[in-house]
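Okay, structure first, notes after.
The values are calculated or read from the model by the stated rules, or taken from the named source; none is laboratory data. Since the structure is predicted, the reported quantities are computational estimates derived from the model, not experimental observations. We place every Cβ from the backbone using ideal geometry, glycine too, and count neighbours over all the protein chains shown. Each accessible area value is taken on the protein alone, full model and side chains, heavy atoms only, with ligands, DNA and RNA left out. Shrake-Rupley method; radii C 1.70, N 1.55, O 1.52, S 1.80 Å.
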Amino acid sequence: ALGGVPVALPGLLRAVRIGEKASAVGYDWPDAGGPRAKIDEELRELDEAAAAGDMAALEHELGDLLFALATYGRKQGLDPEAAIRGSLNRFSSRFRHCELQAKAEGKGLRDYDESALDVMWERAKAEERRGS
């Protein structure tokens, strides 16, 4: 039933397509509440794997969490692949802003402490909101 979903698809897009196929045969949550609860469960399991220092379990739980997040997005009518691309674009734009600010001050980002970097990041977000 899950055949026909190309393995080469980006992971989040593949998660959505597999979820759609499973849903088409009745294997799905009725609404976003199910995957939302699963996100909390997977986060707990991720924390437990991290606390145990079990890298194999940590990777396993991270994958389960990402799948649950993709499912939640699908149930909300969102495209998780578009959501991550938007996030990455915003991050890249803000990071570039910070790099340029540091360069204008004759420095590199490593020359700033965490609080100064936070200030720069917030400034980049504010510039983004103003459409600069």
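The table that follows gives values for the structure above.
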read-out	value
Folded to 0 to 90 degrees: helix 11-24 orientation relative to the chain principal axis, Cα	30 degrees
Where the chain is the region considered: accessible area per residue in Å², 1.4 Å probe	67 Å²
Listed residue (53, 34, 10) projecting farthest to the positive dipole end of the stretch 1-55, Cβ model	10
The stretch 45-96 - charge dipole about Cα centre, Lys and Arg +1 at Cβ, Asp and Glu -1, debye rounded to 20	660 debye
Note, ³J(HN,Hα) from phi for the stretch 50-58, Karplus 6.51, -1.76, 1.60, rounded to Hz, x at Gly and Pro	5, 5, 7, x, 8, 5, 5, 5, 4
Protein accessible area in the stretch 1-111, 1.4 Å probe - carbon and sulfur %	57 percent
Unit charges on C-beta of K, R, D, E only; dipole of the chain, Debye	840 debye
Using alpha-carbon coordinates, inclination of helix 114-130 to the longest axis of the chain, degrees	80 degrees
Descending semi-axes in Å of the stretch 49-132, equivalent ellipsoid built from Cα gyration tensor	32, 21, 9
Of 54, 79, 64, the one that fluctuates the most in a GNM where the chain has Cα springs shorter than 10 Å	54
CD proxy at 222 nm, helix term only [per DSSP H run n ≥ 4: -39500 (n - 2.57); per residue of the chain; nearest 500]	-25000 deg cm²/dmol
